[in-house]
Structures are given as structure tokens and as C-alpha cells.
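This report refers to the structure that appears directly beneath it.
The values are calculated or read from the model by the stated rules, or taken from the named source; none is laboratory data. Given the structure is predicted, the values throughout are model-derived calculations rather than measurements. Cβ placement follows ideal geometry from the backbone for every residue including glycine, while neighbour counts extend to all protein chains displayed. Calculation scope for accessible area: heavy atoms of the full protein, side chains included, ligands and nucleic acids excluded. Shrake-Rupley method; radii C 1.70, N 1.55, O 1.52, S 1.80 Å.
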Amino acid sequence: MKTKTFLAVAVLAGAITALPSSAQDKMNDLEIAHTAYTAGNIDIRYAHLALAISENAEVRAFAQTMIRDHEAVNEQAVALITRLKVTPQDNGLSQTLVEGAAAKRAELMSLSGKRFDCAYATNELGYHQVVNQTVEKNFIPSVTVPPLKDLLVDALATFKIHEGHAESMVQNLQCRS
């Protein structure tokens, strides 16, 4: 189980980090906005799955926090693009994230009990680590529209807290390394 989880995180990390010198440097603000929104939606879907499967109070509380916080950021993003009268642009990174998430959801749906809880917690930790690093090191420095940059900076602060909570959850669940 742990190997599969790390493999999925590695695939996600590879999808994101394979792009910095080429595609991410060429991503425009509308592509970055689409990718960030997509990443938030993916985490919302993981959280809904956790609420459907897990009976662990800590996992359920974390999932509810993910839904609340990621939906709030995505609502802010929609308000921003509406105000700016622009349309986010789908791109290869967004598509890769969606494909990887579908495989991860399929894996998670096959689990139950502590195996699910540990796989979900470990995935959340890895997912937040990779996405946070990408937002901080690639997206924020590349964005040219100040309100989008501000939204990403604010969201990153929240998502770094999520990363810490996920790390704590992995430890509390005593997931094997």
C-alpha cells in the first residue's frame, strides 16, 4: 500500500516537476489559474471520498477542512476570473493531474479501515508537498496579474497549514513508512 501511495505521489511530482524548465516557464496566467483550480478540485474529490469511506474522526475532520478551504479558494478564483472577464486555459499539466487523480481515487476506493485512512493521509501529505512547492517556486514567480498572484500567495499559506495537518495525521495514524 505504501509503495503504491508513494508511486502515485511520485507520478504527480514527476508530472509537475518535469515541466519547470519547459512547459511551466511557458505557462501563462490563464493556464496557471486553470491548473491551480484543477488541483483544488482534485483535493475536494479526495476529501469527499474520505467522508464516504473513513470512519476515523481525525480523517473525517481533515476531509471536511479540505472541502471547506479548497472550495473557498476556488470560489475566490471564480470571482477573480469573472471580474477580470477571462477564461482559464486547460493545459497538459491540468490534464495530467486529472488523469493521475483518477488512478489514485480508484486505488483509494479499493481500501477500507486503517488501510484507507493511511493511504488517504499519506496521499494528502505528498499531494500538498508537491502542489505547495509548485505554487511557491513556479506559479507565484511566473504570474503577471497581481490579483492572481495575491490569491495564490494567500492560498499557499492555507495549504501549507494543510500540509502540516496531513503530516500530523500520518503520524497519529501510525502509518508505516
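Odds and ends about this structure:
- When the residues of segment 70-88 are filtered to those that are open to solvent by less than 30 Å² (accessible area, probe 1.4 Å) and under 27 Å from Q171 (Cβ atoms), the one that is nearest to the chain's Cα centre (by Cα) is H70.
- First in segment 90-105 and on the phi > 0 side of the Ramachandran plot and open to solvent by less than 40 Å² (accessible area, probe 1.4 Å), second anywhere and outside any helix (DSSP H, G or I) and not hydroxyl-bearing (S, T, Y), Cβ under 8 Å, 6 or more apart: none
- Qualifying residue in segment 42-63 (condition: closer than 30 Å to R83 by Cβ, among the polar types (S, T, N, Q) and either out of contact with any helix residue (DSSP H, G or I) (no Cβ under 6 Å at 6 or more places or on another chain) or in contact (Cβ under 8 Å) with a residue 24 or more places away in the chain (or both)): no
- Hey, T134 assigned to a helix (DSSP H, G or I) and open to solvent by less than 20 Å² (accessible area, probe 1.4 Å) or not: yes
- Whichever residue in segment 143-177 is open to solvent by less than 40 Å² (accessible area, probe 1.4 Å) and farther than 18 Å from I67 by Cα and, among such residues, is modelled with the lowest pLDDT: C175
- Count of residues meeting criterion [aromatic (F, W, Y) and over 13 Å from the mean Cα position of the chain (by Cα)] in segment 131-177: 1
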